[in-house]
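Quick note: the coordinates plus some simple rules give every number you see, no bench work behind them. Remember, it's a predicted structure, so these values are computed and weren't measured experimentally. Ideal geometry is used to build each Cβ from the backbone, glycine not excepted, and the neighbour counts take in all protein chains shown.
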């Protein structure tokens with residue numbers, strides 16, 4: 001509440017509220033790192049890797065410098081390269097395709113579903129056929145868990161098995177979610193996540209991790225993140241990266257992980273409240289059977305997005321558009337292959353999605369203000385804006 005009695009929403013994701021909840025614990029943890037002198041891959045890194053494996057149920061957690069490197073390291077571990085095709089959704093953040101190009105491979109863009117925003121298995125199957133026709137060797141699928149909900153891994157794994165492809169879970173937005181009673185981190189051969197500050201589990205800078213149950217690949221990933229030199233190797237044996245997690249970020253993550261389960265519950269409660277209040281005027285997110293979401297974003301669909309964004313801006317409600325263009329519409333990616341028939345659902349969504357404030361400390365008072373602002377902007381002609 002502001003001084004004049006009106007509701008104030010200071011940020012799209014209120015990291016300051018989380019910091020206040022932690023009190024001085026994060027500061028003390030950072031001072032402990034300073035005093036230890038072990039600033040990179042220190043004991044805090046070992047401990048957060050241990051706790052994250054316990055949290056997810058994965059056998060191995062290999063931390064790294066950021067979420068983009070986590071994806072890149074998974075492709076490196078699979079020796080993906082020139083002549084290989086990697087299948088990625090067109091409606092997502094650019095890092096998913098970026099790492100494929102950095103490895104010299106070819107991204108093939110796949111359409112998504114309107115209901116879940118995630119990769120459409122039928123489009124995926126068609127895209128694999130298209131890649132083969134063009135002479136590429138299909139190697140991997142990077143399935144993005146967009147906005148916090150896992151992709152349809154049961155169907156994706158069926159398709160992957162039929163074509164001998166490895167599945168990589170881009171879990172940058174879904175860490176903490178579940179599918180069929182399994183946690184993100186265990187849904188694919190590799191799960192790559194990000195600890196960027198705005199992510200559901202975020203540090204105070206960049207950070208990332210890869211989860212896998214494969215002992216051999218885990219050892220290789222440990223080497224690849226550290227210039228190709230493993231913990232017990234005297235000489236470099238692989239061409240690797242400088243992608244080590246620093247101890248400061250690990251220390252912050254250890255403190256934030258203590259709050260994380262409660263934050264997930266709070267996000268779910270906020271998502272349910274949004275859904276009940278807004279479904280009459282906009283298309284609200286849908287969960288697959290057996291899935292939970294960690295609600296990295298709460299994204300609605302409306303034909304009147306620009307009008308809504310303007311109304312929210314004038315009322316002091318922060319919003320964001322994820323994403324205003326598909327990946328294949330971006331200049332560096334326009335010449336790469338797409339699934340047959342194009343990417344109509346991805347293109348449709350880019351014109352209509354808008355994300356509302358969502359975090360673990362969104363008060364009912366603040367959320368009501370957001371809801372009322374959206375309802376006021378969209379109530380007239382509501383029957384035409386709930387996209388089918």
If we sort 163-174, 308-319 on the protection proxy, mean other Cβ atoms within 10 Å, highest first, what's the order? 163-174, 308-319
With an 8 Å cut-off on Cα pairs and a minimum separation of 6 or more residues, tell me the relative contact order of the stretch 18-254 in percent. 26 percent
Pair-distance profile P(r), taking every C-alpha pair of the stretch 234-301, with 5 angstrom steps and integer %: 3, 12, 16, 15, 11, 10, 10, 9, 7, 4, 2, 1, 0
Suppose a student asked you for the relative contact order of the stretch 246-324, using Cα pairs under 8 Å spaced at least 6 residues apart; what percent would you report? 21 percent
At residue 244 and residue 375, where each label point lies 7 Å from the Cα along Cα→Cβ, what is the point-to-point distance in nanometres? 5.5 nm
Only counting other Cβ atoms within 10 Å, I'd like 195, 369 sorted with the fewest neighbours first. 369, 195
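Determine the calculated [θ] at 222 nm for the chain from helices alone, applying -39500 (n - 2.57) to every DSSP H run no shorter than 4 residues and normalising by the residue count; nearest 500 deg cm²/dmol.
Rounded to the nearest 500, it is -12500 deg cm²/dmol.
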Consider all pairwise Cα distances in the stretch 193-347 and report the whole-number % of them above 25 Å. 57 percent
Under the classification rounded if a/c is under 1.5, otherwise prolate if a/b is larger than b/c and oblate if not, where does the stretch 7-112 fall, given a ≥ b ≥ c as square roots of the Cα gyration tensor eigenvalues? oblate
Please work out which option in [x] 99, 45, 38; [y] 82, 51, 39; [z] 66, 59, 37 gives Cα extents along the principal axes in Å calculated from these coordinates, and answer with its label. [z]
Largest-first principal axis extents of the Cα set of the stretch 260-385 (Å): 47, 37, 26
Counting other beta carbons within 10 Å of each residue's own, what order do 243, 363 fall into, fewest first? 363, 243
Give me 353, 33, 108, 40 sorted ascending by neighbouring Cβ count inside 10 Å, so fewest comes first. 40, 33, 353, 108
Computed over the Cα atoms, what is the radius of gyration of the stretch 94-228 divided by 2.2 N^0.38 Å, N being its residue count? 1.06
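Mind ordering 280-290, 84-94, 296-306 by average Cβ neighbours within 10 Å, highest first?
Those peptides, ordered most packed to least, come out 84-94, 296-306, 280-290.
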